[in-house]
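Novice: Quick one: the structure is below, and I'll ask about it shortly.
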Amino acid sequence: MSTHATPMSITPEIASHVLHHFGHGGYEAGTFTRHLLSAMDTADPANLARLGEAFPGYAAAIVGIKYDPEGVPALQRMASIGLTCITCGGTSGPFISSYSHTLCEPCHQGQR
């Protein structure tokens, strides 16, 4: 399936939105993007490819998380680019982010 995208078109924001949609951390997208992710998640390959023409980064991330065994860790790494935990200052992630703060998973879970 071609989505006309490469991992380079997956921004940290896209990776975070897709991770959140699939329950792997990240942070929630706005209303339109939540509906877009739902549509992409349930689309057959032909319709996902069509949606991917307009939203290549999201389509590539959806394909990665659904069909690549390394998709979740890859998206977690992409989501972590440029992020720093506000508690410990760590930059290795994975991160739990919101619009007001970013925590690494160990700090979020109270392990640090």
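Where a number appears in this text, it was derived from the coordinates with a stated rule and is not lab data. Note that this is a predicted model, so its numbers are computed, not measured. Heads up, the Cβs are rebuilt from the backbone with ideal geometry, glycines too, and the neighbour counts pull from every protein chain shown.
Novice: Any idea what % of Cα-Cα pairs in the stretch 7-79 are farther than 14 Å? List each step's numbers first, then the result.
Specialist: Numbers: 1355 of 2628 pairs.
Result for the distance tail: 52 percent.
Novice: With label points built 7 Å along Cα→Cβ from the Cα atoms of residue 43 and residue 86, find their separation and express it in nm.
Specialist: Label at residue 43, label at residue 86, 3.4 nm between them.
Novice: Grab the other residues whose beta carbon is less than 12 angstrom from that of residue 16, score K and R as +1, D and E as -1, and report the net. Let's see the in-between values first.
Specialist: Working: positive: 77; negative: 13, 28.
Net charge around residue 16: -1.
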